[in-house]
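Right, one structure below, let's go through it.
The values are calculated or read from the model by the stated rules, or taken from the named source; none is laboratory data. Being a predicted model, the structure only gives us computed values, none of them experimental. Cβ placement follows ideal geometry from the backbone for every residue including glycine, while neighbour counts extend to all protein chains displayed. All accessible areas refer to the heavy atoms of the entire protein, side chains included, with ligands and DNA or RNA removed. Shrake-Rupley method; radii C 1.70, N 1.55, O 1.52, S 1.80 Å.
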Amino acid sequence: MSLRIGLLGATGLVGRTMLAVLEQRDFPADTPRLLASERPRDSTLPFRGRALPVEPVRPEAFRGLDLARFATSNPVSLSWADVARAAGATVIDNSSAFRYHY
Ligand SMILES: NC(=O)c1ccc[n+]([C@@H]2O[C@H](COP(=O)([O-])OP(=O)(O)OC[C@H]3O[C@@H](n4cnc5c(N)ncnc54)[C@H](OP(=O)(O)O)[C@@H]3O)[C@@H](O)[C@H]2O)c1
């Protein structure tokens, strides 16, 4: 089974590390969808020998994902967690935004 994964905050310190770990561990994931802020960019990140584009985060970006990994600040995680869940993704957030929620 191969999971469809999105990585919000892919360009940050933690996001880049998460991407590297997915590759190093040979995690059973399709090509991850890399998401970051909406600031203009023309950037890619390396993954399994390919240069994957980094997309600005939008609600539609979470459609079709099994798993959304967040590596963002608390306010960004709070803004996008419900959006990602509504799109059908399971969210794993690396911030402390939801630390006392469950
Ligand atoms: N650094 C650590 O050692 C460490 C350890 C444990 C936990 N954490 C936690 O992990 C999280 C990420 O930390 P970090 O150090 O990786 O942060 P970071 O390097 O500042 O990266 C932040 C990421 O969030 C994105 N972002 C910023 N504003 C955004 C917005 N409005 N909408 C969508 N994406 C946005 C950035 O994209 P752009 O490139 O577009 O700005 C970037 O990809 C934080 O909650 C932090 O507390 C960090």
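Side notes on the structure shown:
- Remark: pairs (first residue in the range 19-40, acidic (Asp, Glu); second residue open to solvent by 40 Å² or more (accessible area, probe 1.4 Å); Cβ separation under 6 Å; 6+ apart in sequence or on different chains) = Glu23/Arg48; Asp30/Ser2; Asp30/Arg4; Glu38/Pro56.
- Looking across Ala51, Ala61, one residue alone is more than 13 Å from the chain's Cα centre (by Cα) and either within 11 Å of the ligand (Cβ to nearest atom) or not in a helix (DSSP H, G or I) (or both). It is Ala51.
- Odd one out for Ala68 among (1) in a helix (DSSP H, G or I); (2) within 13 Å of the ligand (Cβ to nearest atom): (1)
- Just one of (1) in contact with a Pro (Cβ under 6 Å, 6 or more places away or on another chain); (2) within 15 Å of the ligand (Cβ to nearest atom); (3) open to solvent by less than 60 Å² (accessible area, probe 1.4 Å) fails for Ala10. It is (1).
- Qualifying residue in the range 24-45 (condition: open to solvent by 30 Å² or more (accessible area, probe 1.4 Å) and of a type in the set (Val, Ile, Thr)): yes
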